[in-house]
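Every read-out reported here was derived from the displayed coordinates using simple, explicitly stated rules and does not represent laboratory data. In this text, all values refer to a predicted model and were calculated from it rather than measured experimentally. In this analysis, Cβ positions are derived from the backbone assuming ideal geometry, glycine residues included, and neighbour counts consider all displayed protein chains.
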Amino acid sequence: MQSRRIVHLMILAAAASLLWGCSGAGGGGSQASSVASSAKSSAAVESSSAMPSSSSARQTEGGEVMTDNIKVFAQNSIRITMGNKKIYIDPFQMKESPKDADFIFITHEHSDHYSPEDMKKVAGNNTTLILPESMQGKKAEASKIVARIETVKPSETKTVDGLEFTTVPAYNTNKQFHPKSNGWVGYILNVNGSKIYIAGDMDATDEAKAVKCDVALVPVGGTYTMTATEAADLINIIQPKVAIPVHYGSVVGSAADANTFKEKVKAPIKVEIPF
């Protein structure tokens, strides 16, 4: 319907222009010229309003992924902005208390990932908490902080309050800190048209190697997770457009690990070091 109106206005503009040409410089020509100008302006406005807005898109026309809506605080503590919504993952060592979270995602129950003290700092009046089903024992405690709790299993896709996400099993393959049997997870969030993978604490598992995403936030600190080299090898396999190292500089790992990771990730993948 809108496209028909645009065509109608363009025809009107063309007809008015023809009338102006036939009338010469007389008064009729001036009036026709005004009609033509008005019709062309209306057509331009209609055409402009028919075009989709790109202000909320996280990818440019050239396919570049924008990450200005992603903030890493410490360890695996991350905030992602989706329009007017705030998504927190594993809030930890939060220096401020914004209390603006629409969602809090927890990857597993270790204290540097599940921190009720920090959850209280970010939770608002209507916050939804998403955590692994294996953390059922934490629900009574968490229910005093958030308005709603959703539990998830590894390898499932859900949509909660308009946010679509997929869980990815997160576990160790060559150490015992994060057993697969615990059912802990990473998340792939569908945010503003981009898929953002927050790996959680894990090694380069078969499930992680099969992830398809635009942005990947992966641990690089070693000891409990992948080393910087192992993380870079994983990124070179899954080929996101942007990779962001996390899980260093607090409990384990250092800025040197982030730099090693960046050196070993191959172009054209872009690496952004958060701190």
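Report, to one decimal in Å, the Kirkwood hydrodynamic radius for the stretch 70-271 based on all distinct Cα pairs. Don't jump to the answer; show the numbers that get you there.
Working: mean 1/r = 0.0602 Å⁻¹.
Over the stretch 70-271, the inverse of the mean reciprocal pair distance is 16.6 Å.
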Mean shadow area of the stretch 96-203 over all directions, Cα convex hull, nm²: 6.9
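Gain in length, residue 175 to residue 233, computed as 0.36 nm per residue apart minus the alpha-carbon separation, to one decimal in nm? Numbers along the way, then the final one.
Values: separation 58, 0.36 × 58 = 20.88 nm, distance 1.82 nm.
Contour length minus Cα-Cα distance gives 19.1 nm.
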Long-range Cα-Cα pairs in the stretch 155-275 (distance over 26 Å), rounded percent: 15
Can you tell me the order of 96-103, 162-169 when each peptide is scored by its average per-residue count of other Cβ atoms within 10 angstrom, highest first? 162-169, 96-103
Based on the Cβ-Cβ distance from residue 126 to residue 64, what FRET efficiency comes out when R0 is 30 Å, to the nearest 0.05? 0.35
Could you work out how far apart the two model spin labels at residue 158 and residue 93 are, taking each label as a point 7 Å from the Cα in the direction of the beta carbon, and quote it in nm? 2.9
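Given a Förster radius of 30 Å and the C-beta distance between residue 212 and residue 144 as r, what FRET efficiency does 1/(1 + (r/R0)^6) yield to the nearest 0.05?
Values: r = 37 Å, r/R0 = 1.25.
Efficiency computed from Cβ-Cβ geometry: 0.20.
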